[in-house]
1. Can you name the number of the only condition in (1) in contact with a His (Cβ under 9 Å, 6 or more places away or on another chain); (2) more than 20 Å from Ala225 (Cα to Cα); (3) not hydroxyl-bearing (Ser, Thr, Tyr) that Gly146 fails?
2. Check Leu191, Leu187 and return the single one that is over 22 Å from Lys78 (Cα atoms), without any contact (Cβ under 8 Å) to a residue 40 or more places away in the chain and over 17 Å from the mean Cα position of the chain (by Cα).
3. May I ask you to verify whether Ala222 is modelled with pLDDT of 80 or more, more than 27 Å from Val182 (Cβ to Cβ) and among the hydrophobic types (A, V, I, L, M, F, W, C)?
4. Considering only region 44-74, state which residues are under 14 Å from Leu134 (Cβ atoms) and assigned to a helix (DSSP H, G or I).
5. Every residue in region 42-64 that is open to solvent by less than 60 Å² (accessible area, probe 1.4 Å) and of a type in the set (A, V, I, L, M), please.
6. Hey, does region 128-141 have a residue that's out of contact with any Gly (no Cβ under 6 Å at 6 or more places or on another chain), among the aliphatic types (A, V, I, L, M), at pLDDT 90 or above and within 19 Å of Arg112 (Cβ to Cβ)?
7. Got a sec? Which helices (runs of 4 or more DSSP H) wholly within region 75-189 have at least 1 residues that are surrounded by fewer than 17 Cβ atoms within 10 Å (Cβ to Cβ)?
8. So, Arg248, is that one in contact with a helix residue (DSSP H, G or I) (Cβ under 9 Å, 6 or more places away or on another chain), modelled with pLDDT under 80 and open to solvent by 50 Å² or more (accessible area, probe 1.4 Å) or not?
Amino acid sequence: MDSYPKSPPAPPPEAPREPILTLPPALTAYIVLIAVIHLRVLLPPEMENWTIDVFGFIPKRYDTTLLDVTFPGGAGAKVWTFVTYSLLHANLTHIGFNVLWLLPFGSALARRFGAIRFFVFMAVTAAAGALAHLLTHEHAIAPMIGASASVSGTMAAAIRFAFVKGSFLSFSRGDAEAAARVPALSLSRALRDARVLGFLAVWFGVNIVFGVGSLAIGAEGASVAWQAHIGGFLAGLLLFSLFDPIPRPRSDAADASSVDQSGRV
């Protein structure tokens, strides 16, 4: 018999590589948009100030007692600044704080809602934040800028499903797509969940500390518009169901599934 050398064993298949960028496209586009708009800081100072005046949210713009004072942007700015202010930021630190919180909460929400719902949600929560700021700063002339109200809205919306078994803050989570699509808790059930209540207590406590203590952020020492944060947060919490495409079972199975395999709630 002739003997033939045995062929070498086939190498094992390579494990799939994790993509470098795992953010959903909608959130990536939102962050890129904020970064591109921030290039306005390269403009001459007078042009940069004009941009803030036209697209920032200025409560005094809506003061009906002003008869002879006009603001750049005219009547149109009274409409678009309810949203456009959220795309402007004071500096890179300001952007960094907002993006840091958007990474977990915004990612889950963008995956769950899809691009269109996500962008509309960000606009609605921004407008809610602006309204809260207007009601509490009726005669303020300082422009408000930043995405913090929308970021707060994403955090509030995400906690409606974040602690459900398999979601991204549960003890036994699935992959990113599955974690973002678990059935959400009803609002009444969410407000009875100990982890949700703990999250609410910490979130409101931090914002009250910022407000009462008049703490400031950024190199320029700009004060935190904490009332806008609360406005965006409440809008995200209460309006979540209007945007959520994932149906909740009639039997409220989402409530039952909020208990992890470890038995902890």
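1. Failed condition: (2).
2. Details: Leu187 fails: without any contact (Cβ under 8 Å) to a residue 40 or more places away in the chain.
On inspection, the qualifying residue turns out to be Leu191.
3. On the way: modelled with pLDDT of 80 or more: no; more than 27 Å from Val182 (Cβ to Cβ): yes; among the hydrophobic types (A, V, I, L, M, F, W, C): yes.
No, not satisfied.
4. Pro59, Lys60, Arg61, Tyr62
5. Listed by number, the residues that qualify are Ile52, Val54, Ile58.
6. Within region 128-141, not a single residue is out of contact with any Gly (no Cβ under 6 Å at 6 or more places or on another chain), among the aliphatic types (A, V, I, L, M), at pLDDT 90 or above and within 19 Å of Arg112 (Cβ to Cβ).
7. Details: elements: 92-113, 115-136, 148-158, 176-179.
Passing ranges, in order: 92-113, 115-136, 176-179.
8. Numbers: in contact with a helix residue (DSSP H, G or I) (Cβ under 9 Å, 6 or more places away or on another chain): yes; modelled with pLDDT under 80: yes; open to solvent by 50 Å² or more (accessible area, probe 1.4 Å): yes.
Considered against the rule, which asks whether it is in contact with a helix residue (DSSP H, G or I) (Cβ under 9 Å, 6 or more places away or on another chain), modelled with pLDDT under 80 and open to solvent by 50 Å² or more (accessible area, probe 1.4 Å), Arg248 comes out as yes.
The values are calculated or read from the model by the stated rules, or taken from the named source; none is laboratory data. Every value quoted in this text rests on a predicted model; they were computed, and no experiment measured them. Please note: Cβ atoms are built from the backbone with ideal geometry, for glycine as well, and neighbour counts cover all protein chains shown. SASA here: full protein model, heavy atoms, side chains in, ligands and nucleic acids out. Shrake-Rupley method; radii C 1.70, N 1.55, O 1.52, S 1.80 Å.
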